[in-house]
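Undergrad: The following block contains the structure, expressed as structure tokens.
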Amino acid sequence: MTQKLKAKSYQLNIGWLYPELMSTYGDKGNIMTLQKRCEWRGIEVKIINIDQRSKIPDLKTIDLLFAGGAQDREQSIVIQNLKKHETEIRKLIEKEVPALFVCGAPQLFGKYYEPSIGKRLDGLGIFDIETIHAGPQKKRLTGNVIAKIINKNILNTKYPILHSGIIVGFENHGGRTYLGKYAKPFAMVIKGYGNNGEDGTEGVVYKNAIGSYLHGPLLPKNPGIADWLITKAITTKYKQKVTLAPLDNAVSNQAKSVIARRLGIKL
Ligand code: GLN
């Protein structure tokens with residue numbers, strides 16, 4: 001039975017991984033979107049920064065995990081510390097805590113990331129993906145992207161992902177990500193490069209963890225994904241199905257339509 005959400009009845013701890021090192025291209029906007037879309041519904045939110053100074057227990061309290069993008073240099077710094085949290089992060093993902101990892105973050109949550117210069121960074125292996133930077137001479141995969149979510153775990157939720165799964169964002173990465181046989185793509189690009197500019201896939205999903213190349217930031221223009229993450233976080237934490245109160249998404253829809261139109265697509 002779906003529990004009607006009562007104001008002030010839920011509280012979520014959102015874990016923000018390495019906010020000072022991994023927040024390129026305004027990815028902080030994703031945290032702000034999650035926080036506001038909770039508060040507007042009376043869901044209490046606490047943002048917990050998880051970085052080199054955090055102790056392991058901090059992760060045990062996390063209900064929703066986020067990490068933004070980063071350049072190669074920051075990724076090589078983060079991975080040293082991220083490995084220390086590997087067991088706890090894996091436990092969260094395995095118990096279906098939702099997560100959003102953007103660009104440089106999912107690269108580190110895959111099997112490995114080979115940066116433009118320097119040695120391979122072994123990842124956490126949560127996503128069955130491998131990423132190889134094409135090198136400083138090759139073009140970066142950059143530009144506006146419009147894609148369609150194909151992952152059933154996300155599309156099948158009662159919560160409507162606006163525009164039947166059409167999402168927009170901005171990508172800027174040298175790394176080319178290839179999905180392994182167990183990896184499920186998040187979306188398929190309609191216009192843009194996506195994971196590698198070859199197979200049309202964008203991002204990856206494992207349980208309730210989404211990896212995506214879409215900056216923008218992603219969530220303000222695609223609030224259905226934010227609501228999916230919040231819904232999953234409440235369901236996993238309280239073991240209750242919830243229906244979030246609808247919000248006025250007019251501004252988000254307008255922003256999404258502007259990007260789509262720039263790509264020649266009318267939503
Ligand atoms: N440094 C990584 C790459 O170039 C990730 C970049 C990013 O997070 N925008 O692919």
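The values are calculated or read from the model by the stated rules, or taken from the named source; none is laboratory data. Predicted model only: the values in this text are computed from it and were never measured. Using ideal geometry, Cβ is built from the backbone for each residue, glycine included, and neighbour counts are taken over all protein chains shown.
Undergrad: Is it the case that E20 is assigned to a helix (DSSP H, G or I) and among the acidic types (D, E)?
TA: Values: assigned to a helix (DSSP H, G or I): no; among the acidic types (D, E): yes.
Answer is no for this residue.
Undergrad: Further question on the same structure: Being in contact (Cβ under 8 Å) with a residue 12 or more places away in the chain, within 13 Å of the ligand (Cβ to nearest atom) and not in a strand (DSSP E or B) narrows it down to one residue among K138, K181; which is it? Give the derivation first.
TA: Details: K181 fails: within 13 Å of the ligand (Cβ to nearest atom).
Every option except K138 fails the conditions.
Undergrad: Looking at (1) away from the ligand (no atom under 13 Å from the Cβ); (2) buried (at least 21 other Cβ atoms within 10 Å of the Cβ); (3) without any contact (Cβ under 8 Å) to a residue 60 or more places away in the chain, which one does G123 not meet, given that it meets all the others?
TA: (1)
Undergrad: Assess whether Q71 counts as being within 13 Å of the ligand (Cβ to nearest atom) and in contact with a Ser or Thr (Cβ under 9 Å, 6 or more places away or on another chain). Talk me through it step by step, then tell me what you get.
TA: Details: within 13 Å of the ligand (Cβ to nearest atom): yes; in contact with a Ser or Thr (Cβ under 9 Å, 6 or more places away or on another chain): yes.
Taking the combined requirement at face value, the residue satisfies it.
Undergrad: Further, regarding this structure: Within region 164-178, track down each residue that is of a type in the set (V, I, T) and within 11 Å of the ligand (Cβ to nearest atom). Break it down into steps so the answer makes sense when it comes.
TA: Here is the first cut: in region 164-178, the ones of a type in the set (V, I, T) are 166-168, 177.
T177 - this is the single residue of region 164-178 that is of a type in the set (V, I, T) and within 11 Å of the ligand (Cβ to nearest atom).
Undergrad: Of the residues in region 196-218, how many are touching a residue at least 60 places away in the same chain (Cβ under 8 Å) and within 16 Å of the ligand (Cβ to nearest atom)? Before the answer, list the steps.
TA: From region 196-218, those touching a residue at least 60 places away in the same chain (Cβ under 8 Å) are 203-204, 206-218; that's our starting set.
Keeping just the survivors that are within 16 Å of the ligand (Cβ to nearest atom) gives 203-204, 210-218.
Qualifying residue count for the region: 11.
Okay, residues lined up against (1) at pLDDT 95 or above; (2) farther than 19 Å from D122 by Cβ; (3) more than 16 Å from the ligand (Cβ to nearest atom):
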| site | (1), (2), (3) |
| --- | --- |
| L34 | yes, yes, yes |
| E39 | yes, yes, yes |
| R53 | no, yes, yes |
| H85 | no, no, yes |
| I89 | yes, no, yes |
| V102 | yes, yes, no |
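One line per residue, one yes/no per condition, for (1) in contact with a strand residue (DSSP E or B) (Cβ under 7 Å, 6 or more places away or on another chain); (2) under 15 Å from L124 (Cβ atoms); (3) modelled with pLDDT under 95:
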{"residue": "T2", "(1), (2), (3)": "yes, no, yes"}
{"residue": "G15", "(1), (2), (3)": "yes, yes, no"}
{"residue": "P19", "(1), (2), (3)": "yes, no, no"}
{"residue": "I93", "(1), (2), (3)": "yes, yes, no"}
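Undergrad: Which residues, counting only those in region 43-87, are farther than 24 Å from G26 by Cβ and buried (at least 18 other Cβ atoms within 10 Å of the Cβ)?
TA: Matches in region 43-87: L59, H85.
Undergrad: Check Q80 against each of (1) more than 22 Å from G224 (Cα to Cα); (2) in contact with a helix residue (DSSP H, G or I) (Cβ under 9 Å, 6 or more places away or on another chain); (3) away from the ligand (no atom under 13 Å from the Cβ); (4) not hydroxyl-bearing (S, T, Y) and name the one condition it does not meet.
TA: In the conditions (1) more than 22 Å from G224 (Cα to Cα); (2) in contact with a helix residue (DSSP H, G or I) (Cβ under 9 Å, 6 or more places away or on another chain); (3) away from the ligand (no atom under 13 Å from the Cβ); (4) not hydroxyl-bearing (S, T, Y), Q80 misses (2) alone.
Undergrad: For G26, are the conditions met, namely being surrounded by 15 or more Cβ atoms within 10 Å (Cβ to Cβ) and within 16 Å of the ligand (Cβ to nearest atom)?
TA: On the way: surrounded by 15 or more Cβ atoms within 10 Å (Cβ to Cβ): yes; within 16 Å of the ligand (Cβ to nearest atom): yes.
Here the answer is yes, as G26 does meet what is asked.
Undergrad: Continuing with this model, one more query. Answer with yes or no whether V205 is under 22 Å from I93 (Cα atoms), of a type in the set (A, V, I, L, M), surrounded by 17 or more Cβ atoms within 10 Å (Cβ to Cβ) and at pLDDT below 95.
TA: Working: under 22 Å from I93 (Cα atoms): yes; of a type in the set (A, V, I, L, M): yes; surrounded by 17 or more Cβ atoms within 10 Å (Cβ to Cβ): yes; at pLDDT below 95: no.
No; evaluated as a whole, the condition is false for this residue.
Undergrad: Name, by its number, the condition in (1) in contact (Cβ under 8 Å) with a residue 40 or more places away in the chain; (2) assigned to a helix (DSSP H, G or I); (3) surrounded by fewer than 19 Cβ atoms within 10 Å (Cβ to Cβ) that does not hold for L267.
TA: Condition (2) is where L267 drops out.
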